[in-house]
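The structure appears right after this line, and notes come after that.
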Amino acid sequence: MNSRQTLRIALISVLTVGAGSIAATNAHAANAPKMDKCYGINAAHKNDCMSPGHSCAGQDAKARDPNAFVAVPAGLCAKIDGGSTKPAKGCPALRAASFRTQAPIQAQAGIGLRAPHVARVLRERPAIPWLEVHSENYFAAGGAAHHALEQIRADYPLSFHGVGLSLGSADRLDDVHLRRLRALVDRYQPSLVSEHISWGAIDGVHSNDLLPLPHTREAVELLVSRITQVEDALARPILIENISTYLRFRADQMPESAFVAEIVRRSGCGLLLEVNNVYVNSVNHGFDAHDYLSAVPAQCVREIHLAGFTRKEGLSAPLLIDSHDHAVAEEVWTLYRSALRRFGPRPTLIEWDARIPALETLLAEAERAANYLHAHDPEFA
């Protein structure tokens, strides 16, 4: 008797025994309520693995396992905050670190480092927990900008935030851009690396803007593929940021919140949640910003951005522009506090990219964010 015949007999035996077992349990199963596995529940803002009902119960209290589930009556999962009948891929903070990096950025408030403030930061070394820079500003191999950043890196954790990779373009990813980004990441080993859910180039022409994508399954597939390509090229995970938008597509198949959630769940990347953009889009497109927060998988939110907007007056409909040239609006601070209640404290950045004020103004905004961070349960920090 050869190995194939042996395997065939073994399979027949298993199926025969299995059929008997199934028949014996059918009567009981017919009377039992149908149950679904519900993944990603964040009950009462407590750690998934701290709850006895979760499949990851007993694991490290700091873990937030996206593959943990609770059995719930069929149809109930979709009504539970953060619930999904499909397991999520692990987010960056849940993976074993296999790449070189600075120390992780804690749940503290930092600022975007822009050219007008570099000399003063070098001279005074103000008490800022961390700094973020735009990746493309450092693509040249040498010069004064790198000399300054190397000194700053010695005292501050860094985040590199990209604006030019054009993840959602119909064109293939720019290999030269990726190589430069990899060289930059290898050189500085930043704590975080991020990009945007957008496109901005086609046929070699760059728009100098972050352009929106239709919220379709095809776009999800494209972005998941591109994120995987980037993470493979950099040999480390990235975060992606939700953008502000000023139009909708007739082809949309899902709301923006579901689109973003599906991308991070499918790709396993982290989410850089831009709270100002959530508020801007909620006004421009007429949705509930708190519903948006509820749809985002909490375990994948690794960083939060706050910025200012411009309100356009005299129009037939409300319009906010994500201008990054004002202080954070009160409405956005309110939404930020809701985000902290939903996700727990996360590293938070104040962005200010135009009409840049004195450093003291940015530090005051960061201090306000820090006060809200410190007001929340340290379990999440």
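Derivation of every value follows stated rules applied to the coordinates shown; laboratory data play no part. Quick caveat: nothing in here was measured; it's all calculated off a predicted structure. Cβ sites come from the backbone with ideal geometry, for glycine too, and all protein chains shown count toward neighbours.
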Suppose we keep just the DSSP beta bridges with both residues in region 227-349; what percent of those would be antiparallel, to 5?
20 percent
Here, Tyr246 and Met35, labelled 7 Å along Cα→Cβ, have an inter-label distance in nm of 5.2 nm
Return the loop-located trypsin sites (Lys or Arg not before Pro) in region 153-221 (DSSP other than H, G, I, E, B) with at most 11 other Cβ atoms within 10 Å of their own Cβ; answer none if there are none.
Arg172
Students often get this wrong: which residues of region 274-311 have the backbone nitrogen under 16 Å from the point 7 angstrom along Cα-to-C-beta of Ala258?
287-288, 291-297
Ser225-Ile80 pseudo-label distance in nm [points 7 Å out on the Cα-to-Cβ vector]
3.5 nm
When Trp352, Trp333 are ordered from fewest to most other Cβ atoms inside 10 Å of their Cβ, what list results?
Trp333, Trp352
Could you give the length gained by full extension between His134 and Val176, i.e. 0.36 nm per residue of separation minus their alpha carbon distance, to one decimal place?
13.4 nm
Out of every Cα pair in region 171-297, what percent are spaced more than 18 Å from each other?
55 percent
The ratio Rg/Rh over the Cα atoms of region 105-193, Rh being the Kirkwood inverse mean 1/r radius, stands at 0.99
With DSSP loop assignment and no more than 11 other C-beta atoms within 10 Å, the trypsin sites (Lys or Arg not before Pro) in region 236-266 are Arg250
Could you please tell me the mean projected area of the C-alpha convex hull for region 288-353, averaged over all directions and given in square nanometres to one decimal?
5.1 nm²
Please list the equivalent ellipsoid semi-axes of region 137-177, computed as the square roots of five times the alpha-carbon gyration tensor eigenvalues, in descending order and whole angstrom.
27, 13, 6
Whole-Å semi-axes of region 282-325's equivalent ellipsoid, largest first, each the root of 5 times a Cα gyration tensor eigenvalue?
25, 15, 5
Efficiency of FRET between Gln106 and Ala235 - r from beta-carbon atoms, R0 35 angstrom, step 0.05
0.90
Euclidean distance between Cα centres, region 228-273 to region 154-204, Å
15 Å
Estimated D of region 313-381 in µm² per second, where Rh is the Kirkwood radius over Cα pairs and Stokes-Einstein applies at 4 °C, 1.567 mPa s
95 µm²/s
Residues Ser294, Ser267 in order from fewest to most other beta-carbon atoms within 10 Å are Ser294, Ser267
